1. State, to one decimal in nm, how far the label point of residue A:99 lies from the label point of residue A:410, with both points 7 Å from Cα in the Cβ direction.
2. Among bridges DSSP assigns within chain A, what percent are antiparallel (round to 5)?
3. Please state, rounded to one decimal and in Å, the Kirkwood hydrodynamic radius that the range A:104-219 gives when every pair of distinct Cα atoms enters the mean of 1/r.
4. Among A:198, B:87, rank each residue by its count of other Cβ atoms within 10 Å, from fewest to most, as a rough exposure measure.
5. Taking only the alpha-carbon atoms of chain A, what semi-axes of the equivalent ellipsoid follow from 5 times the gyration tensor eigenvalues under a square root, in whole Å, largest first?
6. Give me the inter-chain shielding for A:260-270: mean count of other chain Cβ atoms within 10 Å, whole number please.
7. What does a probe at residue A:332 reach in the range B:80-106, counting residues whose amide N is under 20 Å from the point 7 Å along Cα→Cβ?
8. Please say if the range A:183-270 is rounded, prolate or oblate, where rounded means a/c under 1.5 for a ≥ b ≥ c the square roots of the C-alpha gyration tensor eigenvalues, and otherwise the choice is prolate for a/b larger than b/c and oblate otherwise?
């Protein structure tokens, strides 16, 4: 099915919570064949499973539906196909919501495909009875003792089901859990007719997918020499121009901010890379030490010569389980003697809790003095008068709840599309909370009559 | 030899990998890579991160990219959603490594234009 010489694939969403402007601008600002969107992290599946338990119509990335509402007419007009793992633990419900967007915009003939089979929560007991141990890959522990606490269990599916959906004419492909690079490899398999035996091509697709998967992290976001990156606010999200032989060029749309250079791309290649010679996916084992990387200038970086080895016989399973509770709070303490007073304040909290019978052992409590080198604890900081870290607090208010909420969705994206060293986002997106107004006034005393009534407990029940 | 910080001759990018962090060090030149392969050992990196990492350190090499990739095996205070730390994903560990002071040969410094 060799429809084109070169296929343009972009990724507009590095994670659930990334800015909506990435994909919106990718659709508007230049040519594109495929838009991929990555919404799932390990903990995301568990959160979605919880949402689905409460409401059977939930459990997918609702951001995806909001995005389509904004870009679908234009995407269909330009012939851009969309591949997203937005299905979470409820891809069918996601599909229903997407079809509702299609209906709302009066679009005809839009085909929405759903890839399922990753969710094995319902089959877990049967699989264990059949002899699967699900031993923890990191600790070697058996699953049985925590089985009852498991809240989600998903297999990382590969790229071939996505290719099959595209082969069947899908305009939009919705998946649950799959590998992140699979979102990019699937369209390449579909376009170039690659098979399971095309190991070098599949490995090249894996490298391309790894470069794209965190959005702007390969176009100058989170880049060491951040001072040299121009127009970070309007940073371009990455695009891969791929050929059938597996060579590809990383680029971005003309006129967008940021930069694609050998160095920005290698930054992303080294992100969460593990053992570079053995990058394992369900489709292939890619060798990240095998390829050549050439900076062609003009925001174009070419990668060639990627080698791959046969895939392993196993899928990776990602499970989440109820592992306790947590709570974090913070106060700001000014000088003079800010640090000494903060230490005292911390001691007071633990002492008062202990007095009341609540002891928190060392490994179950956190004490951080943000501003006193929390991020780089123990690392010597040579000759600088700069504070070692700064907590950025931004806020908005107003009568329009949606407008106030929109603000909150532009903070976390800075982790991948802003300067380096941004962290502390675990609380997620700030949400609008209601402002409770205070309204003091006066009223003539004659307008108010006070009454007194006395009640007492009656035999057989309250009065 | 000049005593200066690692950021003069390398970039870095970091993130989480299970209960530890993955810190990629990217040499700014071929000469810098050759120097760092010798100087930036697992032991040196482990010592540098002793206030953050409570496990081992493993190093991988990707010479085609000029990358030394380090895994700090217990550096996130639990990892995933179990961590209470501000930097629960190790996002700032790359910059922490670039703050390392070391004696860098002058030809290596010249190779990166500083």
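1. The answer from the label model is 3.7 nm.
2. Values: 28 of 44 bridges.
Percent antiparallel among DSSP bridges in chain A is about 65.
3. Numbers: mean 1/r = 0.0601 Å⁻¹.
Kirkwood hydrodynamic radius for the range A:104-219: 16.6 Å.
4. Details: A:198 21, B:87 29.
In order of increasing Cβ crowding within 10 Å: A:198, B:87.
5. Working: eigenvalues 384, 172, 148 Å².
Semi-axes from the Cα gyration tensor: 44, 29, 27 Å.
6. Numbers: counts 0, 0, 3, 5, 2, 1, 10, 8, 2, 8, 19.
Mean shielding count: 5.
7. B:86-87
8. Numbers: a/c = 3.00, a/b = 2.22, b/c = 1.35.
Here the range A:183-270 falls in the prolate category.
Read the figures in this text as sums done on the coordinates, not as results from a lab. Just so we're clear, the structure is a prediction, and the values are computed from it rather than from any experiment. Because the Cβ atoms are built from the backbone with ideal geometry, glycine has one as well, and the counts that use them run over all protein chains shown.
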